[in-house]
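Have a look at the structure below, then the notes.
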Amino acid sequence: MTLPFPFAARWLSDSQERDMAAVYGDIKPDLDRVEEQLEAWSRSANPLTAEVSRYILRKRGKRLRPALVLLTSRLFRVGSEENVFLASLVELVHTASLIHDDIVDKADVRRGAESVHSKWGPNITVLLGDHLYIKSIGLSLKSRHNRVIGLLADVSARMIEGELDECALGGDLGLSEERYLRIIEDKTAVLFSACCRLGAILGQASAAEENDLADYGTNLGLCFQIVDDLLDFTGDEKALGKPVMSDLGEGRVTLPLIRALQSDGRPHRERIAALLRRRDLSRGEKDDLLELLSTSGALDYTAAKAREFSEKAVSLLDRFPESGPRQALAALARFVLGRDR
């Protein structure tokens, strides 16, 4: 996949670029136009705003959220300028959330490069995140679809509430799987769902079709976040672009840990709890924890849960006639399940 602008930094591996190119084939021209729109929105009369905006928007990732808007809308009709505009808008919302995440997580690295928080400090970072959120809501007023502004405002609020819940429950070793799933639905899956709902709105889908696509997005987002949490333990640091087990230092209790801690009677449960309370672990202690999670079956359980949500997402596409966009959405669910970063 050719990166269309010099400001777009390389992030995906060669194999991932080939996989994404296959999934995104028909919408690649529209995704290139999304990059043009994001580059245009990064400009500002304020030099600092322009510099920081270009820095964060150039770090091109998988662009899953714009792709969802474009693919779901194409289930019903050919794309339009409005499709590209809204696809760009959801990426702006996502970028704002990542900037705030960096502050909350005190992250030094994002997508293999120095984070905005690390490069400019928390004050500028929080203001830029606020700026992008407000900018996205203001831009949504330009949409010819009246529901867009309310949808994006609700989604932004839920994403922030999800982050607040996660912060409030940091280090809570009694966190239940049910509560964990509610948190990741709010902080991650709700935007996936909104992207698919926007695509349905653009395609003038029926209410039932719109709800099925929104549910597809929710399940895809849950799969995405669970895989993300699993990769925090099992991924490769170079591939991830950040240290493994970084969630531990932030006090996050994710599904692999929840499953291991709730397995009463299994060996090493107290050892796992003791390691978690320390947070600042040595390399040897991290290896020990990974072994304990593996032998407890927690990693296998987490992988199976991610697969369950991926398969549910694919099954929700059954209502729609066979087409290229439907095949791409099904392939996207499989890609999210099998990704390594």
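The values are calculated or read from the model by the stated rules, or taken from the named source; none is laboratory data. All of these numbers come straight from a predicted model, not from anything done at the bench. No Cβ is skipped: glycine too gets one built from the backbone with ideal geometry, and neighbour counts run over all protein chains shown.
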Output for Cβ contacts, cut-off 8 Å, separation at least six or different chains, first residue at pLDDT below 80 in segment 56-71, second surrounded by fewer than 24 Cβ atoms within 10 Å (Cβ to Cβ) and among the aromatic types (Phe, Trp, Tyr), reads Leu57/Phe7; Leu57/Trp41; Arg58/Phe5; Arg58/Phe7; Lys59/Trp11; Arg60/Trp11; Gly61/Trp11
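Name the one entry in Leu213, Leu198, Leu222, Leu248 that is in a helix (DSSP H, G or I), at negative phi and modelled with pLDDT under 95. Full working, then the answer.
Values: Leu213 fails: modelled with pLDDT under 95; Leu198 fails: modelled with pLDDT under 95; Leu222 fails: modelled with pLDDT under 95.
From the options Leu213, Leu198, Leu222, Leu248, the qualifying one is Leu248.
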His131 fails exactly one of (1) part of a helix (DSSP H, G or I); (2) at pLDDT 90 or above; (3) not aliphatic (A, V, I, L, M), namely (2)
If you go through Val69, Val90, the only one that is surrounded by 23 or more Cβ atoms within 10 Å (Cβ to Cβ), of a type in the set (A, V, I, L, M, F, W, C), touching a Lys or Arg at 6+ places or on another chain (Cβ under 7 Å) and assigned to a helix (DSSP H, G or I) is Val90
The correct count of residues that are closer than 21 Å to Ala189 by Cα and without any contact (Cβ under 8 Å) to a residue 40 or more places away in the chain in segment 315-326 is 2
Of the residues in segment 94-140, those that are under 19 Å from Thr188 (Cα atoms), free of Cβ contacts under 8 Å to residues at least 24 places away in the same chain and either of a type in the set (S, T, N, Q) or buried (at least 21 other Cβ atoms within 10 Å of the Cβ) (or both) come to Asp102
Reported set for segment 178-236 where residues are of a type in the set (Lys, Arg) and out of contact with any Lys or Arg (no Cβ under 9 Å at 6 or more places or on another chain) is Arg179, Arg182
Over segment 320-341, the set of residues assigned to a loop (DSSP other than H, G, I, E, B) and surrounded by fewer than 16 Cβ atoms within 10 Å (Cβ to Cβ) is Pro321, Glu322, Ser323, Asp340
